[in-house]
Amino acid sequence: MKLLTTIFALAVLGLTSHASAQDMSGTSASDSPAAEFTPERIEKGRQTYKQLCLRCHGPEMNGGNNTFNLRLFPLEQRERFFNSVMNGKRAMPAWKSVLSEEAVMDLWAYVGTRGGTLQR
Ligand code: HEC
């Protein structure tokens, strides 16, 4: 059972990295998380962030004193980002009934580039 889960997870990972490779219009830089951080994604992420996340995490993404500082979210923990955003974490609501996986990818690009300010 555990093996099946692992195989499934690997298959999903393979599919998503394939999709992001296509987004990069044919480049093969899909191994690096930064390959997902296209300007289009960052921009869509910005809109979603403003609508849904800003009220708690703040305009600078640093959450003020009482929310998680998204600027410090570790870039190598993409799965954790997806999991926390989709399923929620303690006082943080779950977003899976609101956001598509695509939309979370866009948010990841926005957060992962710290609002588009980080060099890719
Ligand atoms: C109602 C307030 C609220 C809203 C709205 C909100 N968050 Fe959060 N978020 C929190 C709180 C509180 C935490 C800290 C959770 C904890 O660890 O206790 C958090 C934590 C996080 C974390 C870190 C989770 C981890 O793995 O440690 C991420 C990533 C995150 N939020 C992303 C988002 C995104 C993206 C949105 C918009 C779709 C969003 N949040 C909207 C309150 C909110």
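No value in this document is a laboratory result; all are computed from the given coordinates. Worth saying up front: this structure is predicted, and the values here are computed from it rather than measured. Don't worry about glycine lacking a Cβ; one is built from the backbone with ideal geometry, like all the others, and counts go over all protein chains shown.
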For this session: Based on the mean of other Cβ atoms within 10 Å per residue, sort peptides 44-57, 70-83, 87-100 so the most packed one is first.
Result: 44-57, 70-83, 87-100
Seminar exercise, completed: Surrounding charge for Gly115, neighbours by C-beta under 12 angstrom, Lys/Arg +1, Asp/Glu -1, total +2
